[in-house]
C-alpha cells in the first residue's frame, strides 16, 4: 500500500529536480490569457474617475453629459454629494463604454466640484503618531544600558513602496443565463466569488471564477475589491460583459502599498560586542489603513533588557496591503542596521559580532544558532568575506568606495489548508485538480511533479488543472503557504488514487493490494520488478471508468508533509560613488534555508526574484507623495522605479538542501529571501562610505546627504 | 526638424512640406495664421479622423483590416480591436517594454505609436515568433533557464531578445543587458535571461 510520506531523498525520481515550468510555452509565446487579455463579444470597457485631491468631499457631481454620450452605457456614482474621500486616487465614479477611448472622453465629461479638506502626508516624524502606542518591556532596560560600554543611538527608516504588479488589478465579467462568469487577476481563486455575492445578487455557487495565469500579486490581490464589485455592477446594469482593469496611476495609488517604518533605536554593547540592551521607538504609516506590526528587535528578539514601542501615523495615502513578508523587511532593516552600527562603533567585525550574539535569537526555528552559523559561514565563503572585509569606511583613494554588509531573516511558511483530487483514467492518463493559483511560483508544475513522483509515471502523463473555482478548493496564496499546501493535498490525493487502483489490479499480479508499488512506469510487487505490469496495462484493468482519489492538507492518513520555520542570510558587496551618491550592486549572496524542495528550478527562481525585488526596494522604488498637494508624484513606471536588467549585479544563490533539510517537509519560499536585501545592502553601503544612510531606498540624494 | 523626408504611410501630408509652405519669414508676419489655415485646408482631403477610419495592418505576415480612431495606439489596436494580446499593457507610456513589438524588424513600444502610423509597415508581435507547439529557440531557452515567473513581462523580453539576436548573433552579456534595458520585470526574472539569450544564440548557429 502506498503511503503519503515523501520518498527517501535517494529514492526520488522527479521530486526536487530542475523541472521547467509547464506554462512556459504559453507564457513565452503570448498565448497565455490573463484577465487583462480576456475579450468577450460585445464587451464594454470600464474606467474609474479618481479623486485628484488627498482629502475632500464631493460638493457636486454631474454625470449627465457622460451619460448622454453615444456608446457610454452605464455611469455609476461611487462618491455622492457630501461623501468624503481620503486619498488621491480614491474612486469617485465609474463608467462602461464601448471603447477605451470613449470611456476616457466620458470621464472628462463628468463634472465634479470638490471641497478640499486638510490632509496629512508626513510619516517621517514621530510627532504625527496618533492613537495607541503599543509598548512592551523585558528585563531591566536602565541596568542594561548602565552595563554597556558603548551606547549607540540612531534613526532608521523604510519608505512606503507599492506592489506595482505588472498586470494591474481588475477583472472581466459577464452575466449569462442568470449566472456570473468572472476572469479576475487574483491570488485567491477559491475565495474570490464570495466577494461578489452582494454586487452580483447571486450565491457564490452561481459565480464561476477562472484565473489560469495572473500577472503578479505579492500580497495585494486577495479579494474581489472595489474594482471587482464595480465591474460586476456595471456589467449587471449594462447587460453586457465588462472589463475593468486599473490604470497604472490608479494601480500605484490605490491597489496596495507596504507600510513605511521608522524607528529611533538605542543599543547597548559591551566592549567585546555582547549586546546588553535595546530600546526602540518605532512608527509607520499604512496610509488610511493600519501600519502593520513590526518585530523589534528582529531575529535577535531575546536581547536582554529591551523596551519597544510602536505607533501609527495615519496618512492620506491608499491603504496598505500585505506586501511579501509583511513587517519583516522593515523590522530587519531597522534591527540589522542598528546592530551593525553599534558593532562598528565598538570596532568589531560584523560577522564576528552577529555570530557572537546568536545566543539572543528569538526564532521558532529549531537549532537556530547552528543554522545561522552554518549559513553565515557559507555566505562569507561565497562572497569572499575574508579577502574583502574591512572596518567601516573604505580608506582607499578615489571616489568609488566598496563595502560588504550582511543580514539574517526568518519566516514560517507552513502549508495552507488545501484540497485536491487525482483522476487516473483507463488510458493511463492522469489529471490532478486543485483550485489553486499560479502567481509565478510554478504551482501547476509543482502539482504535476508531486503526482508523477507518487504514481511513478512521467510528468507528461499528468495534466494539472488549476485556476478555476469548480475544482477542489485551495486557500489563497499568501505567506508562502501555497507549495506546502498543494504538495500535501496532491500527494495525499495521488496516494489515495493509487491505492484504489492497487485494489483493482492486485489480483492481476497475484498479490495483495498492500504489496504493490508504482515505480518507473510500472505497477509491481514491492521490490520485485519481475512481477510487474506497465502503468498503461494496469490502468486498462480499471474498466471503462476512471478512478479518483481525493486528498487534502491535512492529509487523510495524518502524515505531515509540510513544516515551517526557516532561517537564511544574505550578504551584499556594493560600490558607492561618493561624488554622485550612486550605489552599484557588485554581488548579492543568498544562503536560503528550506525544507523539502519540490522543483529546484522554480525554487531558485524564487530566491533570485526576491533578491532582485530586494535590490529594487533597497535602491530605487519609493511612493513619493507631495506634502503640499497630497498627490503621488510618481504614479507611473518612469519615476516609480524598478531595477532593470543591468542594475542587479551578480546574484549568487545557495539553497540549503541536505538530507536533514529535505527530511523536514515542504516549507514555503516566497517571502524569506525578500526580507534581508534592504538590510544587507544598507549595511554594505555604511561599510563602504563610513556613515549610515538612514532611510531606504538609498537614492543618490540620501547618500550624498548622509555624506555631507 | 526631422530629417527623414519619408511621409507617414497612408497620409498625403508631410510636416516638412507644410513647414516649407509657411516659410521662415512668414512666421514673423500676420500671414502665419492665414497661410497655415490654407495649408490645412489643402491637406484636409488627406487628413483622416477624428472618427474611426479603416486601416490595414501587416501583422505577423498577414494583412488585417481594422477600424480605429487616429488617436488609438498600436497596442490598443492590437489588443482591443484585434486579438493579439501577447503584447501587454502595463505602463502605457513607453517605460516598461511589456508591449514591445518589432516594426520592420526593429523593436518598438507599441503603446507609444499610433495604429495609423504602423500602416504599411511590417509588424511582428510575440505571437509571430513562435507558438506553444512550435517554440522559437529563444522561447525554448527562456523556459529552460526559467527566465519568467508570472509571465506578464515575458513577451516583451522575448521580442526585445529576438531583435537583438536578429542583428547580433554573438551577443556578449553587456549586449544583452543593453538590449533588454528597455524592459522591466517585477517578479525579478532577469537572472535567467543572459544565459537564455546566449544559449539561444548558440542553438540558432547550430541550426543554421
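The values are calculated or read from the model by the stated rules, or taken from the named source; none is laboratory data. Bear in mind that the values here come from a model prediction, so they are computed numbers and not experimental data. Using ideal geometry, Cβ is built from the backbone for each residue, glycine included, and neighbour counts are taken over all protein chains shown.
For residue B:152, the conditions (1) buried (at least 24 other Cβ atoms within 10 Å of the Cβ); (2) touching a residue at least 40 places away in the same chain (Cβ under 8 Å); (3) facing chain A (nearest Cβ under 7 Å); (4) part of a helix (DSSP H, G or I) are fulfilled apart from (4). For segment A:311-324, a residue qualifies if it is in contact with a strand residue (DSSP E or B) (Cβ under 8 Å, 6 or more places away or on another chain) and surrounded by fewer than 24 Cβ atoms within 10 Å (Cβ to Cβ), and the qualifying residues are A:311, A:312, A:314, A:319. Answer with yes or no whether residue A:373 is under 30 Å from residue A:13 (Cα atoms) and surrounded by fewer than 18 Cβ atoms within 10 Å (Cβ to Cβ). In short, no.
Pick from A:606, A:592, A:657: which is modelled with pLDDT of 95 or more, more than 11 Å from chain B (Cβ to nearest Cβ) and closer than 30 Å to residue A:417 by Cβ? None of the other options fit; the residue is A:592. Applying the criterion of being surrounded by fewer than 22 Cβ atoms within 10 Å (Cβ to Cβ) and within 11 Å of the chain's Cα centre (by Cα) to the residues of segment B:82-106, the residue that is nearest to the other protein chains (Cβ to nearest Cβ) is B:94. Evaluate the following for residue B:184: is it within 20 Å of the chain's Cα centre (by Cα), at the interface with another protein chain (Cβ under 9 Å from one of its Cβ atoms), under 24 Å from residue A:647 (Cα atoms) and touching a residue at least 24 places away in the same chain (Cβ under 8 Å)? Yes, satisfied. Within segment A:144-165, the set of residues being more than 20 Å from residue A:259 (Cβ to Cβ) and out of contact with any strand residue (DSSP E or B) (no Cβ under 8 Å at 6 or more places or on another chain) comprises just one member, A:146.
Residues are listed down the side, and each one gets a yes or a no for (1) more than 14 Å from every other protein chain (Cβ to nearest Cβ); (2) in contact with a helix residue (DSSP H, G or I) (Cβ under 7 Å, 6 or more places away or on another chain); (3) within 30 Å of residue A:138 (Cβ to Cβ):
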| site | (1), (2), (3) |
| --- | --- |
| A:238 | yes, no, no |
| A:243 | no, no, no |
| A:246 | no, yes, no |
| A:258 | no, no, yes |
| A:263 | yes, yes, yes |
| A:267 | yes, yes, yes |
| A:276 | yes, yes, yes |
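Looking at A:16, A:10, A:42, just one residue is part of a loop (DSSP other than H, G, I, E, B) and more than 14 Å from chain B (Cβ to nearest Cβ), and that residue is A:16. For segment A:118-138, the set of residues classified as surrounded by 15 or more Cβ atoms within 10 Å (Cβ to Cβ) and in a loop (DSSP other than H, G, I, E, B) consists of A:119, A:120, A:121, A:123, A:124, A:129, listed by residue number.
Scanning segment A:424-461 for residues that are within 14 Å of chain B (Cβ to nearest Cβ) and assigned to a loop (DSSP other than H, G, I, E, B), we see that the one that is farthest from residue A:20 (Cα to Cα) is A:437. Is it the case that residue B:143 is in a strand (DSSP E or B) and within 12 Å of chain A (Cβ to nearest Cβ)? It is false that residue B:143 is in a strand (DSSP E or B) and within 12 Å of chain A (Cβ to nearest Cβ). Checking each residue in segment A:473-520 for being assigned to a loop (DSSP other than H, G, I, E, B) and closer than 30 Å to residue A:566 by Cα picks out A:475, A:476, A:477, A:478, A:479, A:480, A:481. Whether any residue in segment A:621-634 is farther than 27 Å from residue A:593 by Cα and in contact with a helix residue (DSSP H, G or I) (Cβ under 6 Å, 6 or more places away or on another chain) is what I want to check. Yes, segment A:621-634 has at least one match.
Residue count for segment A:193-222, restricted to those that are crowded, with 20+ Cβ neighbours inside 10 Å and either under 18 Å from the mean Cα position of the chain (by Cα) or within 14 Å of chain B (Cβ to nearest Cβ) (or both): 10. Return the only residue of A:5, A:93, A:65 being in a loop (DSSP other than H, G, I, E, B), modelled with pLDDT of 95 or more, away from chain B (no Cβ under 14 Å) and farther than 29 Å from residue A:212 by Cα. When all the criteria are applied, what remains is A:5.
Looking only at residues in segment A:615-654 that are buried (at least 19 other Cβ atoms within 10 Å of the Cβ) and away from chain B (no Cβ under 13 Å), the one that is nearest to residue A:9 (Cα to Cα) is A:619. In summary, strands (runs of 3 or more DSSP E) completely within segment A:530-595 and bearing 1 or more residues that are under 30 Å from residue A:340 (Cα atoms) and either touching a strand residue (DSSP E or B) at 6+ places or on another chain (Cβ under 7 Å) or not assigned by TED's automatic domain parsing to the domain that holds residue A:367 (or both) occur at A:568-577, A:583-593.
When restricted to residues that are in a loop (DSSP other than H, G, I, E, B) and within 20 Å of residue A:345 (Cβ to Cβ), segment A:299-327 contains 4.
In segment B:58-76, of all residues being in contact (Cβ under 8 Å) with a residue 12 or more places away in the chain and away from chain A (no Cβ under 11 Å), the one that is surrounded by the fewest Cβ atoms within 10 Å (Cβ to Cβ) corresponds to B:61.
Taken together, the criteria place residue B:173 among residues that are more than 9 Å from every other protein chain (Cβ to nearest Cβ), within 18 Å of residue A:612 (Cα to Cα) and in contact with a helix residue (DSSP H, G or I) (Cβ under 8 Å, 6 or more places away or on another chain). Taking segment A:625-644 as the range and being free of Cβ contacts under 8 Å to residues at least 24 places away in the same chain and more than 20 Å from residue B:92 (Cα to Cα) as the test, only A:628 passes. For segment A:19-35, the set of residues classified as more than 9 Å from chain B (Cβ to nearest Cβ) and in a loop (DSSP other than H, G, I, E, B) consists of A:19, A:22, listed by residue number.
Yes/no matrix, rows are residues, columns are (1) surrounded by fewer than 24 Cβ atoms within 10 Å (Cβ to Cβ); (2) assigned by TED's automatic domain parsing to the domain that holds residue A:447; (3) under 31 Å from the mean Cα position of the chain (by Cα):
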{"residue": "A:41", "(1), (2), (3)": "yes, no, no"}
{"residue": "A:50", "(1), (2), (3)": "yes, no, yes"}
{"residue": "A:56", "(1), (2), (3)": "no, no, no"}
{"residue": "A:61", "(1), (2), (3)": "yes, no, no"}
{"residue": "A:69", "(1), (2), (3)": "yes, no, no"}
{"residue": "A:97", "(1), (2), (3)": "no, no, no"}
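Here segment A:176-192 is the region considered, the condition is being surrounded by 21 or more Cβ atoms within 10 Å (Cβ to Cβ) and part of a strand (DSSP E or B), and the residue that is farthest from the chain's Cα centre (by Cα) is A:180. The set of residues in segment A:383-423 that are in a loop (DSSP other than H, G, I, E, B) and within 30 Å of residue A:183 (Cβ to Cβ) comprises A:413, A:415, A:416, A:417.
A count restricted to segment A:603-633 and to residues that are over 26 Å from residue A:575 (Cβ atoms) and either part of a loop (DSSP other than H, G, I, E, B) or not assigned by TED's automatic domain parsing to the domain that holds residue A:593 (or both) stands at 8.
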